[in-house]
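The values are calculated or read from the model by the stated rules, or taken from the named source; none is laboratory data. Please read all numbers here as calculations on a predicted model, not as lab measurements. For neighbour counting, all protein chains shown are included, and Cβ atoms are generated from backbone atoms with ideal geometry for every residue, glycine included.
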Amino acid sequence: MRIFKSSKEENQWMSISDLMSVLMMIFLFISIVYMRSVNLEKNKITSIAQTYETTQVEITNDLKKEFTKNLQIWNAVLDSLTLSIRFENPEILFKVGSAELNDHFKSILDSFFPRFIQILTDPKYKNDIEEIRIEGHTSSEWAGESSPYQAYFNNMELSQDRTRKVLEYILSQIKDEQLLHWTKSKLTANGLSSSHLIYNPNQTENKERSRRVEFKIKTNAEQQIIRILEQSK
């Protein structure tokens, strides 16, 4: 029985041991590089999220400063969570069952939209604006004997017609060509029927408040995060 390994066997064992050490070092290096890459992407996303939150707060503050004295007169609400201004009085917006704007609503838009767009085209916000949504909302009811299903589609057509009329009117009032071009690239009309009702505290539908027009601001933070995630694949 051999007590000592041959020099050849010992060298073979040392070679395997050295190889394992090298492999471990390579694996450790790859892990470090990967973790560093993950942390960099995470930091980018965190930075974008912080910038988004800061931008949203600053836009909200500027909107409050500009419109606080008008909101109650217009029967409008500023929602800081959705970054939107909501006009809630259907009687001053449109004629019943019609997409035609009331003269009073036109005068409100004449005062509101130029000041609204001036805030959003400020250099500190302009490049962060992805979309300005005009959203038309209705209650769930429809005059006559319509079924809930038919009422939904009737209201969808009405809400789409109304938002299109609002978009047409406010664009027609912009005389500056550069501002008109930028606004057209951001402004969209979205008729949503009764998809997003407003409810009373007892969870019944608030039909009056559900009939509304909203101007909603969407920033490009989401697109920046998606771009980073796609690049990291």
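Being touching a Phe, Trp or Tyr at 6+ places or on another chain (Cβ under 9 Å) and polar (S, T, N, Q) is the filter; apply it to segment 111-134 and report the residue that is farthest from SER185 (Cα to Cα).
SER111
Please name all residue pairs, on different chains or six or more residues apart, with Cβ atoms under 7 Å, provided the first residue is in segment 107-133 and is in contact (Cβ under 8 Å) with a residue 24 or more places away in the chain and the second residue is assigned to a strand (DSSP E or B) and of a type in the set (Phe, Trp, Tyr).
PHE116/PHE215; ILE132/PHE215
Could you say which residue among LEU93, LEU78 is surrounded by fewer than 18 Cβ atoms within 10 Å (Cβ to Cβ) and of a type outside the set (Lys, Arg)?
Going through LEU93, LEU78 in turn, the sole match is LEU78.
Take segment 106-128 and flag every residue that is surrounded by 13 or more Cβ atoms within 10 Å (Cβ to Cβ) and at pLDDT below 95.
If the condition is that a residue be surrounded by 13 or more Cβ atoms within 10 Å (Cβ to Cβ) and at pLDDT below 95, then TYR125, ASP128 are the ones that fit.
Is one or more of the residues making up segment 52-59 assigned by TED's automatic domain parsing to the domain that holds ASN206, under 30 Å from PRO123 (Cα atoms) and at pLDDT 90 or above?
Among the residues of segment 52-59, at least one is assigned by TED's automatic domain parsing to the domain that holds ASN206, under 30 Å from PRO123 (Cα atoms) and at pLDDT 90 or above, which makes the answer yes.
If I ask for residues that are hydrophobic (A, V, I, L, M, F, W, C), part of a strand (DSSP E or B) and under 26 Å from ASN220 (Cα atoms), which ones from segment 68-98 would you list?
Filtering segment 68-98 for residues hydrophobic (A, V, I, L, M, F, W, C) gives 71, 73-74, 76-78, 81, 83, 85, 87, 92-94, 96.
Checking the rest, the ones that are also part of a strand (DSSP E or B) come to 76-78, 85, 87, 94.
Result: ALA76, VAL77, LEU78, ILE85, PHE87.
Grab the helices (runs of 4 or more DSSP H) fully contained in segment 144-211, keeping just those with 1 or more residues being of a type in the set (Val, Ile, Thr), in contact with a strand residue (DSSP E or B) (Cβ under 9 Å, 6 or more places away or on another chain) and surrounded by 11 or more Cβ atoms within 10 Å (Cβ to Cβ).
By residue number, 148-172, 177-186.
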